[in-house]
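Everything on this sheet refers to the single structure shown next.
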Amino acid sequence: MKHAKTATQNACKLCNPLGACLAFRGIENCVPFLHGSQGCATYIRRYLISHYKEPIDIASSNFHEETAVFGGSHNLKIGLKNVSKQYNPEVIGIATTCLSETIGDDVPMIIREYKQEFKNGSPMPIMIHASTPSYMGSHIDGFHAAVRATVKTLAEKGAREKLINIFPNMVSPADIRYLKEILEDFKVPYMLLPDYSQTMDGGPWGEYHRIPPGGTPASAIAMAGSAIASIEFGSTLEASKSAAGYLEEAFGVSRYHMTLPIGIKKSDKFFTLLETLTQQERPEKYDDERRRLIDAYADGHKYVFEQKVIIYGEEDLVVGMTAFLSEIGITPVLCASGGKSGMLRKSIKELIPNMEELGIKVREGVDFVDIEDEAKLLKPDFLIGNSKGYTMSRKNNIPLIRLGFPIHDRFGGQRMHHLGYRGTQELFDRIVNTVIEQRQNASSIGYTYM
């Protein structure tokens, strides 16, 4: 169903540089820097702090009217100088905004000029530039642009090492910690980028840290060109836009591109790939996790079978969740995203060849007005997605299972697991309990045993 409108209303996506700032936050001793207005930095800080419940500094070149006319070169240079002096970072991650892109600022040239003008014999921070105008793509595009730019800037060619690169996509800090645990249990050296598992979900401090501890060291990223393989999660991510794609093209590092490992089948694929690359069997504890998950599927099947759901969010998350939902007997009657990769339908069709027969609709480039229009026709049992869908959920009395980013109206979004057997177990429990709670609330008797 198409809604008669000429503009986006309540977009099912966020701005491009937001994703870049999060990715830069996953580099050790790095300050995210926006080349644009102060309002952009403030908006992004507000969104990230609300979800992750951690302080985050984002520097800005502080555009104003004069800058918009005559260019932002002076502002960017002064901003870089101030950040270098006040934060003493090892890395500055520079992301552009709509205004600086629209007026055509040549950021790489400005960075070269800055290095010439301000060199004084002492080491300068490494400067990484990602082009991230908000009028193109979404926050996930900015995220991938920043990761690719980081690898392009830092990775070096060297003798092949028994090292695996992991590019996990925009997942939760809890998911990143789980991936690191898996890799350490396989006893394989790895480079995971970005790693904001501590910088965006750390412990309390005795005193304020302008740059929090944690993140992937620049020295580790430099080794990425020597790895035997790169594992990259993301069904809709093209090689030309990905970090693993660049490493394969520039250094011959094999790229293994796969759907987010949500559900048994996709998690099996991930673990099997690790076994192949490391020539080791998976540790027994992951077989135990898998067995418990299968047992949970059997126990909970009677509650979830033939339920209908609308899933929305980043395209790769939608694809990963669709694979999982189809595995447990739930029909995703609408798979929706604000992204416009052109790959969403193809990716879901590969997972569910008979999607048309099952009545599964796929829509990309939509907003929440579009999704709500579809919900009125499709009448799903519940919704799965981020907090931005709450108004639609409340208005239409459809339960919402919160997932992905942002989650502003619940606590602990940064600690939600999604990946592997452990993450799937948590997701399955949440879905089953949502169905049970809905049935209890709808019952005139109020059963205490379901």
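The values are calculated or read from the model by the stated rules, or taken from the named source; none is laboratory data. What you are looking at is a predicted structure, and each value in this text was computed from that prediction instead of being measured. Glycine also receives a Cβ, built like all others from the backbone with ideal geometry; neighbour counts cover every protein chain displayed.
Could you identify the single residue in Q307, Q279 that is of a type in the set (S, T, N, Q) and at positive phi? Explain how you work it out, then say what you get.
Details: Q307 fails: at positive phi.
Result of the check over Q307, Q279: Q279.
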Any residue in the range 283-304 that's over 26 Å from L383 (Cβ atoms) and aliphatic (A, V, I, L, M): show its pairings with residues that are at pLDDT below 95 and not in a helix (DSSP H, G or I) at Cβ separation under 7 Å, as long as the two are six or more apart or on different chains.
none
Of the residues in the range 338-374, how many are touching a strand residue (DSSP E or B) at 6+ places or on another chain (Cβ under 7 Å) and of a type in the set (A, V, I, L, M)?
7
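Of all residues in the range 11-39, which are in a helix (DSSP H, G or I) and buried (at least 18 other Cβ atoms within 10 Å of the Cβ)? Write out each step before concluding.
Pass one, the range 11-39, residues in a helix (DSSP H, G or I): 16-25, 38-39.
Listed by number, the residues that qualify are N16, P17, L18, G19, A20, C21, L22, A23, F24, R25.
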Would you mind stating whether L400 is within 26 Å of the chain's Cα centre (by Cα) and of a type in the set (A, V, I, L, M, F, W, C)?
yes
When the residues of the range 97-135 are narrowed to those that are out of contact with any helix residue (DSSP H, G or I) (no Cβ under 6 Å at 6 or more places or on another chain) and of a type in the set (S, T, N, Q), which ends up farthest from I221 (Cα to Cα)?
T102
I need every pair where a residue in the range 378-402 that is under 17 Å from M321 (Cβ atoms) and free of Cβ contacts under 8 Å to residues at least 24 places away in the same chain has its Cβ under 9 Å from the Cβ of a residue that is among the aromatic types (F, W, Y) and in a helix (DSSP H, G or I), sequence separation at least 6 or different chains.
L400/Y390; R402/Y390
The range 243-263, residues that are in a helix (DSSP H, G or I) and crowded, with 18+ Cβ neighbours inside 10 Å:
A243, A244, G245, Y246, L247, E248, F251
Taking I140 as meeting all but one of (1) surrounded by fewer than 20 Cβ atoms within 10 Å (Cβ to Cβ); (2) in contact (Cβ under 8 Å) with a residue 12 or more places away in the chain; (3) under 28 Å from the mean Cα position of the chain (by Cα), write down the number of the exception.
(1)
Condition set of a type outside the set (V, I, T) and crowded, with 22+ Cβ neighbours inside 10 Å, scope the range 155-168, selection farthest from the chain's Cα centre (by Cα): answer is A155
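Grab the helices (runs of 4 or more DSSP H) fully contained in the range 105-185, keeping just those with 3 or more residues being at pLDDT 95 or above and of a type in the set (D, E). So that I can check it myself, show each step before the final result.
Details: elements: 107-118, 139-154, 173-185.
Those helices (runs of 4 or more DSSP H) span 173-185.
I'm trying to understand the selection: among the residues of the range 412-438, which are touching a residue at least 24 places away in the same chain (Cβ under 8 Å) and either part of a loop (DSSP other than H, G, I, E, B) or among the β-branched types (V, I, T) (or both)?
If we filter the range 412-438 for residues that are touching a residue at least 24 places away in the same chain (Cβ under 8 Å), which is where we start, we get 413-425, 427-432, 434-438.
Once the filter is applied, which keeps residues that are touching a residue at least 24 places away in the same chain (Cβ under 8 Å) and either part of a loop (DSSP other than H, G, I, E, B) or among the β-branched types (V, I, T) (or both), the range 412-438 yields M416, H417, H418, L419, T424, I431, V432, T434, V435, I436.
In the range 367-397, which residue that is hydrophobic (A, V, I, L, M, F, W, C) and within 26 Å of I49 (Cα to Cα) is farthest from the chain's Cα centre (by Cα)?
M392
Going through T67, T42, T8 one at a time, which residue ends up being surrounded by 14 or more Cβ atoms within 10 Å (Cβ to Cβ), free of Cβ contacts under 8 Å to residues at least 40 places away in the same chain, outside any strand (DSSP E or B) and not assigned by TED's automatic domain parsing to the domain that holds L334?
None of the others qualify; the one that does is T67.
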Which of the residues spanning the range 340-365 are part of a loop (DSSP other than H, G, I, E, B) and under 19 Å from the mean Cα position of the chain (by Cα)?
K340, S341, G342, M343, G365
Here are some residues: Y208, Y196, Y178. Which one is buried (at least 24 other Cβ atoms within 10 Å of the Cβ) and not charged (D, E, K, R)?
Y196
